[in-house]
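Right, one structure below, let's go through it.
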Amino acid sequence: MPDSVNAQASAVPVLTIDGPSGAGKGTISRLVAARLGWHYLDSGALYRGVGVAAGWAGLDLADPGALIRCAFDAHIGFEEDAAGELRVIVNGVDATDELRTETAGAAASAIAAVPEVRAALRERQRAFRRPPGLVADGRDMGTVIFPDALHKVFLTASPEERADRRYKQLKDKGVSVTLDDLLREILARDARDANRAVAPLRPAEDAVCIDTTGLGIDAVVERVLAVVSAARA
Ligand SMILES: Nc1ncnc2c1ncn2[C@@H]1O[C@H](COP(=O)(O)OP(=O)(O)O)[C@@H](O)[C@H]1O
Ligand SMILES: Nc1ccn([C@@H]2O[C@H](COP(=O)(O)OP(=O)(O)O)[C@@H](O)[C@H]2O)c(=O)n1
């Protein structure tokens with residue numbers, strides 16, 4: 001990217017929202033982006049998209065070379081449907097529902113530990129930084145992808161509350177799961193995401209940490225908006 005384009009992009013404000021699974025990143029990011037009138041990046045959907053594309057191609061999740069090629073080749077696009085819901089299109093196929101399964105989450109977490117896969121997705125994520133601003137949701141938004149972001153939030157909640165939220169979310173969608181299995185999967189994914197060598201899940205040093213245990217969605221949105229306002233003041 002030429003320096004002038006880089007300079008223009010870095011003038012665009014970014015709010016990063018990182019945290020573990022079920023902390024509410026997607027929900028809060030979408031609502032905050034709508035309130036600010038900013039764009040939204042669901043970086044997890046890119047990792048999930050590569051995982052799903054790898055699954056469709058019958059690739060071995062333990063074969064880094066195949067996964068790296070898949071990360072470079074996979075076409076992952078975002079479209080809004082008539083109801084305003086974000087749909088994720090993988091290699092021309094609407095994969096939104098498949099992407100949200102815990103199987104896709106676990107596959108994403110496995111491939112996300114491959115450094116070259118992360119590198120393949122780096123510039124694609126940075127390209128979402130467009131005026132008037134960007135809310136970026138993920139694991140390494142504040143630490144690696146947008147380290148110069150003006151506003152950084154790290155959302156957490158107890159593992160039990162996160163598993164309970166996910167349980168309700170999946171039950172509403174008619175997916176049959178048990179709370180115990182979900183808690184186990186969430187703890188396994190937390191451990192893998194936090195302990196990997198590259199871009200491990202951790203708060204940026206300049207992030208504001210918000211523990212959302214026992215807090216409703218509206219209260220969290222207001223707290224995050226307060227972080228943005230405080231930095232602007
Ligand atoms: N503060 C909150 N209180 C209660 N439920 C929440 C809260 N934040 C999110 N949720 C619900 O929890 C579920 C998981 O949230 P999601 O945004 O998908 O989390 P993440 O993107 O961090 O995995 C969703 O059903 C969402 O509506
Ligand atoms: N910026 C990101 C986003 C996701 N990921 C990986 O992708 C997986 C799925 O991310 P996600 O944000 O869609 O998952 P949830 O938090 O919604 O469960 C995570 O468990 C991470 O391993 C990542 O490594 N870096």
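The values are calculated or read from the model by the stated rules, or taken from the named source; none is laboratory data. Because the structure is a prediction, the values reported are computed rather than measured. Neighbour counts are summed over all protein chains in view; Cβ atoms, including those assigned to glycine, are modelled from backbone coordinates with ideal geometry. Only protein heavy atoms, including side chains, enter the accessible area calculation; ligands, DNA and RNA are left aside. Shrake-Rupley method; radii C 1.70, N 1.55, O 1.52, S 1.80 Å.
Annotations for the structure displayed:
- Boolean, P64 is more than 21 Å from the chain's Cα centre (by Cα) and touching a residue at least 24 places away in the same chain (Cβ under 8 Å): yes
- For region 119-143, a tally of residues being crowded, with 18+ Cβ neighbours inside 10 Å and either outside any loop (DSSP other than H, G, I, E, B) or of a type outside the set (D, E, K, R) (or both) returns 14.
- One residue alone among F146, F128 is within 22 Å of S21 (Cβ to Cβ), touching a Ser or Thr at 6+ places or on another chain (Cβ under 6 Å) and at pLDDT 95 or above, and that residue is F146.
- Only one entry of V90, V32 meets the criterion of being more than 15 Å from the chain's Cα centre (by Cα), buried (at least 16 other Cβ atoms within 10 Å of the Cβ) and of a type in the set (V, I, T), and that entry is V90.
- Count of residues meeting criterion [surrounded by fewer than 16 Cβ atoms within 10 Å (Cβ to Cβ) and charged (D, E, K, R)] in region 160-191: 8
- When the residues of region 35-61 are filtered to those that are closer than 16 Å to V227 by Cα and among the hydrophobic types (A, V, I, L, M, F, W, C), the one that is farthest from the chain's Cα centre (by Cα) is L36.
- Counting the residues of region 196-233 that are within 14 Å of ligand 2 (Cβ to nearest atom) and surrounded by fewer than 12 Cβ atoms within 10 Å (Cβ to Cβ) gives 1.
- Residues that are outside the structural domain of G138 (by TED's automatic domain parsing), basic (K, R) and either open to solvent by 70 Å² or more (accessible area, probe 1.4 Å) or within 16 Å of the chain's Cα centre (by Cα) (or both) are absent from region 20-27 altogether.
- Filter result for R130 (more than 14 Å from ligand 2 (Cβ to nearest atom), of a type in the set (D, E, K, R), farther than 27 Å from L170 by Cβ and in contact with a helix residue (DSSP H, G or I) (Cβ under 9 Å, 6 or more places away or on another chain)): yes
Yes or no, residue by residue, for (1) more than 16 Å from ligand 1 (Cβ to nearest atom); (2) in contact with a helix residue (DSSP H, G or I) (Cβ under 6 Å, 6 or more places away or on another chain); (3) assigned by TED's automatic domain parsing to the domain that holds G55:
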site	(1), (2), (3)
V88	no, yes, yes
G92	yes, no, yes
A95	yes, yes, yes
E98	no, yes, yes
T101	no, no, yes
G105	no, no, yes
V114	yes, yes, yes
R122	yes, no, yes
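- Look at region 204-232: where a residue is assigned to a loop (DSSP other than H, G, I, E, B) and a partner is modelled with pLDDT of 95 or more and near ligand 1 (Cβ under 10 Å from one of its atoms), sitting 6+ places away or on another chain with Cβ atoms under 6 Å, you get T212/G24; T212/L155; T212/A157; T212/V220; T213/A157; T213/E161.
- Residue under evaluation P147, criteria (1) more than 17 Å from the chain's Cα centre (by Cα); (2) over 17 Å from G51 (Cβ atoms); (3) open to solvent by 40 Å² or more (accessible area, probe 1.4 Å), criterion not met: (1)
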